[in-house]
1. Report the full-extension gain for the segment D100 to D259: residue separation times 0.36 nm, less the Cα-Cα distance, to one decimal in nm.
2. Just report the Cα centroid separation between the range 75-135 and the range 190-219, whole Å.
3. Between A140 and A86, what length comes free when the chain is fully extended (0.36 nm per residue of separation minus the Cα-Cα distance, one decimal in nm)?
4. Classify the range 205-290: rounded, prolate or oblate, from the alpha-carbon gyration tensor (a ≥ b ≥ c, eigenvalue square roots; a/c under 1.5 rounded; otherwise prolate if a/b is larger than b/c)?
5. Can you tell me what share of the DSSP beta bridges in the chain is antiparallel? A percent to the nearest 5 is fine.
6. FRET efficiency for A71 and V218, Cβ-Cβ distance as r, R0 = 30 Å, nearest 0.05?
7. Heads up, I need the accessible area for M371: 1.4 angstrom probe, whole protein in place, Å², nearest 10.
8. Got the relative contact order for the range 99-215 handy, in percent, Cα pairs under 8 Å and 6 or more residues apart?
Amino acid sequence: VLDAIGDAVDLVDPARGPVVDLFSGSGVVAAALARTRDVVAVDVQEYARVLASALLAPARLTYAEGDALAARAKALADERTDAIQALIRHERLAAAALVDGDAEPLCEIVEHGSLRACELGQGPDSAFAEVLEEASEALACLPVDSTIMEYYGGVYFGYEQALELDALLTVARTLNDREWRDTAIAAVLGAASECVTSVGSHFAQPIRPRAKDGQPKVRALLTLARRRKRSATEAFADRLRSYARLSGAASVGTAVRQDYRDFLEACDGDVGVVYADPPYTRDHYSRFYHVLETMARGDRPELSTVTVAGRTSLSRGLYRQDRHQSSFSIRSQVPEAFRALLDGVRRIAAPLVLSYSPCVGGTVARPQPRMLTIPELSELALEAFDSVDVVSAGRLSHSRFNAERVNGEIDQEAEVLLICRP
Ligand SMILES: C[S@@+](CC[C@H](N)C(=O)[O-])C[C@H]1O[C@@H](n2cnc3c(N)ncnc32)[C@H](O)[C@@H]1O
């Protein structure tokens with residue numbers, strides 16, 4: 001839908017003034033708009049700021065410079081590997097045992113392999129706990145940050161991959177130039193997404209290595225073991241090359257981490273048009289990308305807990321306790337969230353192009369009811385704007401605005417653009 005969004009933005013602001021992308025996510029829309037106008041990309045998540053920054057103003061490292069960074073990180077990771085040899089060996093033996101027909105050791109790593117969980121008293125009930133404790137002690141003696149290894153190693157990544165990711169982050173954070181640093185951290189996030197072993201390859205749920213009857217899922221574990229051989233350092237170097245090949249923004253592109261309300265309240269500059277693509281399901285983005293957020297922020301978060309039948313334990317996904325809960329994803333708060341958005345944009349007297357997906361996907365177990373219908377949303381928009389046109393993005397991109405205007409309940413699957421003019 002990039003063409004449709006670009007067309008809608010040009011339609012309401014033909015003078016090509018600056019555009020604000022208020023919920024920039026991956027930064028892909030912001031980067032496309034930056035080909036023809038100045039862009040500010042806003043998102044409440046730090047990982048999104050980093051991704052948008054890298055797309056809008058990528059550091060063009062030569063292949064030699066990128067490879068030198070990767071080599072520095074690899075050397076650091078190798079030093080750390082020496083300190084926790086027993087744990088690395090344990091994982092290698094578990095992968096070998098799987099091939100020989102014993103899936104239990106690898107199951108245990110995926111289910112109970114987080115060093116952090118073990119430190120918090122939720123380690124395995126077996127000799128593996130000792131291996132984890134020793135590794136924790138060894139890491140604590142190293143004067144380096146090992147958060148990814150400690151929190152998510154074993155569960156989301158192989159231990160060696162996690163060590164490499166930590167080392168890559170250490171090296172990326174030493175870069176003084178902000179563009180270089182953001183691009184390098186974005187490349188680490190890309191490497192993490194390539195290496196992760198989880199349901200759906202994001203970070204909402206680690207793989208469940210057993211069927212309901214407790215039997216190991218051997219085929220899934222074989223795939224996991226194969227994926228854990230991917231070198232995070234090589235994935236990082238590949239990503240840096242991709243960033244170096246990007247054309248980057250022709251205009252000025254800036255990325256900021258801020259809540260949309262705060263941004264709109266503080267905004268007193270020249271804005272030609274606002275583009276907004278807020279969350280539209282009850283699933284919070286922060287749940288899918290919490291590991292990337294921890295990488296981008298470089299902190300050591302408290303982990304959230306769940307209480308089932310009076311027993312409290314760490315969340316299986318090892319989520320950040322402070323992960324962002326968006327009011328767009330909380331049914332009772334959605335109308336207020338939209339009012340704040342619509343009134344905030346109206347206050348700065350800019351037109352608004354609002355994307356909303358009335359998507360009704362999901363599964364039987366976890367249906368995805370719409371938070372608002374398109375007629376409900378149009379009604380809200382008309383409280384703040386003089387004119388609101390509802391257009392199906394797919395149809396828009398094919399017909400370049402010659403399509404009939406569609407007001408009312410339309411194609412249930414299609415992404416919709418609300419074109420709001422003051
Ligand atoms: C539908 S996604 C945007 C996708 C984006 N258009 C892209 O191309 O990747 C919604 C985004 O809104 C962000 N978000 C949620 N609540 C927010 C808030 N209160 N302020 C700013 N951003 C928020 C989420 O982090 C997420 O990245």
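1. Numbers: separation 159, 0.36 × 159 = 57.24 nm, distance 5.17 nm.
So the extension gain works out to 52.1 nm.
2. Centre-to-centre distance over Cα atoms comes out at 16 Å.
3. On the way: separation 54, 0.36 × 54 = 19.44 nm, distance 1.55 nm.
Net length gain for the segment: 17.9 nm.
4. Since a/c reaches 1.5 but b/c is at least a/b, the shape of the range 205-290 is classed as oblate.
5. Numbers: 19 of 34 bridges.
Bridges in the chain are about 55 percent antiparallel.
6. Details: r = 37 Å, r/R0 = 1.23.
It comes to 0.25.
7. Surface open to solvent at M371 totals about 10 Å².
8. 24 percent
The values are calculated or read from the model by the stated rules, or taken from the named source; none is laboratory data. Quantities reported herein were computed from a predicted structural model and do not represent experimental measurements. As a convention, Cβ positions derive from the backbone with ideal geometry for all residues, glycine included, and neighbour counts pool all protein chains shown. Heavy atoms of the whole protein, side chains included, go into the accessibility calculation; ligands, DNA and RNA do not. Shrake-Rupley method; radii C 1.70, N 1.55, O 1.52, S 1.80 Å.
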